[in-house]
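The values are calculated or read from the model by the stated rules, or taken from the named source; none is laboratory data. This structure is a prediction, so every number in the text was calculated from the model and none was measured. Note: ideal-geometry Cβ built from the backbone for every residue, glycine included; neighbour counts use all protein chains shown. We work out accessible area using only protein heavy atoms, side chains counted, and drop any ligands, DNA or RNA first. Shrake-Rupley method; radii C 1.70, N 1.55, O 1.52, S 1.80 Å.
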Amino acid sequence: MNIIVTGGAGFIGSNFVFHMLDKHPDYRIVCLDKLTYAGNLSTLKSVMDNPNFRFVKADICDRDAVFALFEEEKPDIVVNFAAESHVDRSIEDPGIFLKTNILGTQTLMDACRKYGIQRYHQVSTDEVYGDLPLDRPDLFFTEETPIHTSSPYSSSKAGADLLVLAYHRTFGLPVTISRCSNNYGPYHFPEKLIPLMIANALNDKPLPVYGKGENVRDWLYVEDHCKAIDLIIHNGKVGEVYNIGGHNEMANIDIVKIICKELNKPESLITYVADRKGHDMRYAIDPTKIHNELGWLPETKFADGIKKTIQWYLDNKDWWEEIISGEYQNYYDKMYSNR
Ligand code: NAD
Ligand code: TDX
């Protein structure tokens, strides 16, 4: 099998590259990544010399570059992780989200149509379903829940999902889509809640919690997400959507308090700041379909996963200190000073 993994220098994509090279040593994995602010070549250094791995720096919106790579590699499967992924950035500047997340998806699928493909897999998100109220713990997102987005980010992901399904119906492209809940684990970019709080706590900086910290996310260890995608691309039914989530709902404030406790830092670092515009209240995935059809179950419990993650950030300070010392500082000042 020859698999093109787009966005493989980012958080989940890199974990997927590691998983696939480890689990399928006879597969060729080609990573196509633009190396935006969120992509980091150093993340992939342990696999750069692997003869079954190739890295190509390119933009998924660049038709010539994408078609040239398909011509050369003739991939069997494409897994599209490449995206602008941060909700807060989409509120500041929606345009790049629409371009990369929708038009980039179109470009990849056009190349799949031209060169033929066994499977195009779109990595989507639970955010396409909008949010659920805190006072209805009986409600969960299923694959039948209507699309109802809140942010430019989630709207761009939903637009891409609809286009993927349209390419299946109109052109017969063999597609699958997965919609996963919040991931955490190694190589998570420090702009996101968990790594941001770990990095700030380690630097004794304020821990900026949006609103009252009551918003609930359904956290899944990144390796469990990668295993689910591996199952879907091999055994999932063409044309289908699969929700992925581990029934692990936590309020943001509780996550931040766990991080303080694990790092032995005082909760007085917690600072409540202005809420995110349009802030989704609660996400909660019903993963019954992927469990029943493909036998997937999450393996890492949050109590263990968060310890492993914190330990990874302690052991890999070079990785994130380099990131937060660069351009990220301007982003941080813009988003958090006077908030
Ligand atoms: P990330 O921001 O860490 O990584 C994105 C990667 O895509 C980076 O390596 C970046 O360089 C690359 N990229 C961006 N624009 C590109 C372009 N135009 N061409 C080529 N490469 C480009 O994101 P992530 O958190 O790893 O998310 C990966 C995917 O999973 C996204 O599609 C996201 O919507 C989805 N997702 C993420 C989560 C989560 O909790 N992080 C949950 C569900 C779904
Ligand atoms: O500084 C912060 N303070 C804070 O309270 C940050 C960065 C976040 N938050 C809150 C906002 C959310 O309620 O924490 C929660 C999680 O925020 P993010 O880490 O930005 O994730 P979220 O907005 O839930 O989106 C994530 O999950 C779904 C990913 O970034 C998306 O790519 C994915 O689709």
### Query
What ³J(HN,Hα) values, in whole Hz, does the Karplus curve 6.51 cos²θ - 1.76 cosθ + 1.60 give for region 264-275 when θ = phi - 60°, with x put for Gly and Pro?
6, 10, x, 5, 5, 6, 5, 10, 7, 10, 4, 5
### Query
In degrees between 0 and 90, to the nearest 10, how far off the longest principal axis of the chain does helix 302-315 point, with axes built from Cα atoms?
90 degrees
### Query
With axes computed from alpha carbons, what is the tilt in degrees of helix 11-23 against the longest principal axis of the chain, rounded to the nearest 10 within 0 to 90?
60 degrees
### Summary
Of the accessible area of the chain, computed with a 1.4 Å probe and all protein chains kept, carbon and sulfur make up a percent value of 50 percent
### Query
So between Arg136 and Met250, what do we pick up on full extension, going 0.36 nm a residue minus the alpha carbon distance?
39.6 nm
### Message
Under the 0.36 nm per residue contour assumption, what length would be gained going from the current alpha-carbon distance of Lys237 and Ala303 to full extension?
### Response
20.5 nm
## Note on the structure
Surpassing 23 Å at the alpha-carbon level, of the pairs Lys57/Lys307; Lys192/Lys261; Lys237/Lys301; Lys192/Lys317; Lys192/Lys307, are Lys57/Lys307; Lys237/Lys301
### Task
Please list the equivalent ellipsoid semi-axes of region 70-183, computed as the square roots of five times the alpha-carbon gyration tensor eigenvalues, in descending order and whole angstrom.
27, 17, 11
### Query
What residues of region 93-109 lie in the reach of a label at Ile147, counting those whose backbone N is under 15 Å from a point 7 Å from the Cα along Cα→Cβ?
98-99, 101-106
### Task
Starting at the first residue of region 55-72, write each ³J(HN,Hα) from the Karplus equation 6.51 cos²θ - 1.76 cosθ + 1.60 with θ = phi - 60°, in whole Hz, x for Gly and Pro.
10, 10, 8, 7, 9, 5, 8, 8, 4, 4, 5, 5, 5, 5, 5, 5, 4, 6
#### Entry: Of Lys157/Lys277; Lys257/Lys308; Lys277/Lys308; Lys23/Lys74, those spanning more than 26 Å from alpha-carbon to alpha-carbon
Lys277/Lys308
### Message
Using only the heavy atoms of the protein chains and a 1.4 Å probe, how would Ile270, Ile194 rank by accessible area, largest first?
### Response
Ile270, Ile194
### Task
Kindly write out, for region 75-81 in residue order, the coupling ³J(HN,Hα) from the Karplus curve 6.51 cos²θ - 1.76 cosθ + 1.60 (θ = phi - 60°), rounded to whole Hz, with x marking Gly and Pro.
x, 7, 9, 10, 10, 9, 9
#### Entry: Thr170/Phe67 FRET efficiency (R0 22 Å; Cβ-Cβ; nearest 0.05)
0.65
### Query
Could the peptides 160-170, 43-53 be put in order, highest first, of the mean number of other beta-carbon atoms found within 10 Å of their residues?
160-170, 43-53
### Task
Would you calculate a helix-derived [θ] at 222 nm for the chain, using -39,500 (n - 2.57) for each DSSP H run of n ≥ 4 and dividing by the full residue count, to the nearest 500?
-12500 deg cm²/dmol
### Query
Taking only Cα atoms, what is the 0 to 90° angle, nearest 10, from helix 222-235's long axis to the longest principal axis of the chain?
20 degrees
### Message
Just want to confirm a number: the relative contact order over the chain, from Cα pairs under 8 angstrom separated by 6+ residues, in percent.
### Response
17 percent
